[in-house]
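The values are calculated or read from the model by the stated rules, or taken from the named source; none is laboratory data. What you see is a predicted model, and the numbers here were worked out from it, not measured in a lab. Backbone-built Cβ (ideal geometry, glycine too); neighbour counts: all protein chains shown.
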């Protein structure tokens, strides 16, 4: 490798690490448990996926965002790009062998945020969560050198669980961008404005809706954790900690009566340390940490009929 290409890779890695540390603090914390190769790959994957998501969120005009997403799609299908972040994502896909399918689904999820976002029911929400987070779970399987297709449904479920947590945490932030991910079937057909400035009835319905989604997320977390046994040992520990820290965000919401308005739900550094110690001292004592699950609860993905849900070069 030439000094120039080595310098470019080092700079790209530093940039990816800055993105992870500033925008993915839970994952940055859990990454410490990974070996060097997997830590670098996982960091690059996060930066790549975040970049694709930001194509929609950071554009000033909808037309600009759609053009950027269309350009990214063309680059991915062509297998090369002048955009450094996309170019590195293409290289990572080749290196790890996760192919284009989950990347293109992720782009579809980003593009859907540019339309009117008023989720109607839980099935529609699960499909959205798959596109923007379940796909990341699929790609992470190959990043962490997991090649068993039986791991894929569990990886998807863990991504969905985390995205459900995000949605519950970010109700007000999302509403400020004109988006309502809380399904109308749970909270009524309320406008984003009503979510930002709720009357008592709306507040009650939103809190009840958040509680219902966090309860649903529990089922996806359980399935996601059941599949961790497919991972190499250090990766297993890291993903367990990431899952438990993310779960802690939901617990913070629950302890405040599902109040998403007064402050953003979070887990402090001290809280992350406590969660990590508890997880790593208790889970290895359970057979499920070591034994692969006998089956997957297929009903958790009944809304995903027609989606590929595999990774392949």
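For residue 38, the test of being assigned to a helix (DSSP H, G or I), without any contact (Cβ under 8 Å) to a residue 12 or more places away in the chain and farther than 17 Å from residue 178 by Cβ is failed. Yes or no: region 95-118 includes at least one residue that is within 19 Å of the chain's Cα centre (by Cα), under 30 Å from residue 186 (Cα atoms) and in a loop (DSSP other than H, G, I, E, B). Looking through region 95-118, at least one residue is within 19 Å of the chain's Cα centre (by Cα), under 30 Å from residue 186 (Cα atoms) and in a loop (DSSP other than H, G, I, E, B). Every condition in (1) crowded, with 17+ Cβ neighbours inside 10 Å; (2) more than 24 Å from residue 61 (Cα to Cα); (3) touching a residue at least 60 places away in the same chain (Cβ under 8 Å) is met by residue 105 except one, and the failing one is (2).
Quick check on residue 90: is it closer than 14 Å to residue 143 by Cα and either surrounded by fewer than 18 Cβ atoms within 10 Å (Cβ to Cβ) or modelled with pLDDT of 95 or more (or both)? If you could, list the steps in order and put the result at the bottom.
Numbers: closer than 14 Å to residue 143 by Cα: yes; either surrounded by fewer than 18 Cβ atoms within 10 Å (Cβ to Cβ) or modelled with pLDDT of 95 or more (or both): yes.
For residue 90, the condition - closer than 14 Å to residue 143 by Cα and either surrounded by fewer than 18 Cβ atoms within 10 Å (Cβ to Cβ) or modelled with pLDDT of 95 or more (or both) - is met.
Can you say whether residue 136 is closer than 28 Å to residue 107 by Cβ and part of a loop (DSSP other than H, G, I, E, B), as far as the supplied structure shows? Judged against the criteria, residue 136 is not a match. One residue is enough: does region 285-292 have a residue meeting the conditions free of Cβ contacts under 8 Å to residues at least 40 places away in the same chain, out of contact with any strand residue (DSSP E or B) (no Cβ under 8 Å at 6 or more places or on another chain) and either surrounded by 13 or more Cβ atoms within 10 Å (Cβ to Cβ) or within 26 Å of residue 127 (Cα to Cα) (or both)? Within region 285-292, not a single residue is free of Cβ contacts under 8 Å to residues at least 40 places away in the same chain, out of contact with any strand residue (DSSP E or B) (no Cβ under 8 Å at 6 or more places or on another chain) and either surrounded by 13 or more Cβ atoms within 10 Å (Cβ to Cβ) or within 26 Å of residue 127 (Cα to Cα) (or both). Hey, does region 156-176 have a residue that's surrounded by fewer than 24 Cβ atoms within 10 Å (Cβ to Cβ), at pLDDT 95 or above and in a loop (DSSP other than H, G, I, E, B)? The answer is yes, given that some residue of region 156-176 is surrounded by fewer than 24 Cβ atoms within 10 Å (Cβ to Cβ), at pLDDT 95 or above and in a loop (DSSP other than H, G, I, E, B).
Condition check ((1) within 20 Å of the chain's Cα centre (by Cα); (2) buried (at least 17 other Cβ atoms within 10 Å of the Cβ)) across all residues:
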{"residue": "51", "(1), (2)": "yes, yes"}
{"residue": "54", "(1), (2)": "yes, no"}
{"residue": "57", "(1), (2)": "yes, no"}
{"residue": "60", "(1), (2)": "no, no"}
{"residue": "67", "(1), (2)": "no, no"}
{"residue": "70", "(1), (2)": "no, no"}
{"residue": "78", "(1), (2)": "no, no"}
{"residue": "86", "(1), (2)": "yes, yes"}
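When region 235-278 is filtered for residues that are in a helix (DSSP H, G or I), farther than 19 Å from residue 30 by Cα and in contact (Cβ under 8 Å) with a residue 24 or more places away in the chain, the ones remaining, listed by number, are 253, 254.
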